[in-house]
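Reading through the structure tokens given below for one structure.
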Amino acid sequence: MECPFCLEDFNEEALVCKDCGRDLRLVRPLINENLTLVALIEELQIQIDRARAAVDRATAPITYWSIHIAIYLIAPISLLLAAHFLSLLSLIYHRSICALRP
Ligand SMILES: [Zn+2]
């Protein structure tokens, strides 16, 4: 856990912060509640993202799938082809250099 006063980490069972010396007994329930709420917010954010994706798929499927195809298919395939092209250029260059040697 992190001390709310000095932001240093402290032992979960400590009664007083070892760095700033403040009493942690009163703020510990608030810290625990805050951690619970943060976890809940993160879970709700994930659910919101999923719901937005579902709405996007339902309302504009062509746009949704076009974007996803571009991101997950076209971009990786383009990078793969570029890597193969550069590898091929390197091989051709290396062979032409070797062919020029006596
Ligand atoms: Zn402290």
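For LEU37 and ASP9, what does the FRET efficiency come to when R0 = 25 Å and r is the distance between their Cβ atoms, rounded to the nearest 0.05? Each step should come with its number before you reach the end.
Details: r = 20 Å, r/R0 = 0.80.
Efficiency for this residue pair is about 0.80.
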Suppose only helical runs count, i.e. DSSP H with n ≥ 4. What mean residue ellipticity at 222 nm does that imply for the chain under -39500 (n - 2.57) per run, divided by all residues and rounded to the nearest 500 deg cm²/dmol?
-23000 deg cm²/dmol
Cα centroid separation - the stretch 18-43 against the stretch 67-94, whole Å:
49 Å
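Every number in this text was worked out from the coordinates using simple rules, so none of it is lab data. Just so you know, these numbers come straight off a predicted model, no measurement behind them. Positions of Cβ are backbone-derived with ideal geometry, glycine not excepted, and every protein chain shown enters the neighbour counts.
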